[in-house]
Amino acid sequence: MQSYAEHIEQLSDNELGLKLLSLFKRYQLADYSILRVISEIIQSLGKRDLLDFNGLLSLVRVNYDVFEKLQNIIGITEQQSTPETYGLMIQYIGLSNRHGLSNLKFKELMNVMKKWDQAYQTLIGIRQEHPPSQYKQPKAFKQAIPGVKIYAKYKKWLTDKKTGMVFLDLGDES
């Protein structure tokens, strides 16, 4: 009983944990081990090819009875409660776990690029207002702007593949 009280105390510090506990109670699921089983499944994805969706589907199908119990807890409909849905979920979680740090670093790079873009746009504006045909320019004025090569390297990641819209378009100026 003391252990139960300690675990409830720990859950009370986490809003998501409390919500999860209340959902288990609401749907009268006394078997909390399903969370452990799903956690173990996700942990087992470590070295697995997460792009092999058929392999993930096989894993879900073997454990489908466990995944089915999650339907009400995670709020999906009967039609959505399919091996494919759960396969996509564990694929997303696995990829997020595997590439979380890379994703964070990329987001940091994008924030730096956005700040850099402000200075870049100012420099381009000055160059357009003072063209070499009208003004004598120092050598430094003709040098390539630092950072354009980095932008070019990541430009494909800054483009929406469906619309072709570039999220951080620096043009062709260098």
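The numbers here are math on the coordinates, done by the rules we state, and not lab data. Model, not experiment: these values are computed from the prediction. We place every Cβ from the backbone using ideal geometry, glycine too, and count neighbours over all the protein chains shown.
Below, the figures for the structure above:
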item	result
Cα-Cα P(r), region 100-158, percent of pairs per 5 Å interval	4, 15, 22, 20, 14, 11, 7, 4, 2, 1, 0
Residue-span extension gain [K114 to I150] - 0.36 nm each, minus C-alpha spacing	11.7 nm
Footprinting exposure proxy for L50, L88 (fewest neighbouring C-beta atoms within 10 Å first)	L88, L50
Region 28-90: trypsin sites (Lys or Arg not before Pro) in DSSP loop, at most 15 other beta carbons within 10 Å	K47, R48
Theoretical gain in end-to-end length, L104 to E68 [0.36 nm per residue, Cα-Cα removed]	9.7 nm
DSSP-assigned coil residues among GluC sites (Glu not before Pro) in region 65-163, each with at most 12 further Cβ atoms within 10 Å	E78
Neighbour-limited loop hits for trypsin sites (Lys or Arg not before Pro), region 126-162 (at most 15 other Cβ within 10 Å; DSSP other than H, G, I, E, B)	K136, K161, K162
Virtual spin-label span in nm between L158 and E78, 7 Å along Cα→Cβ	5.0
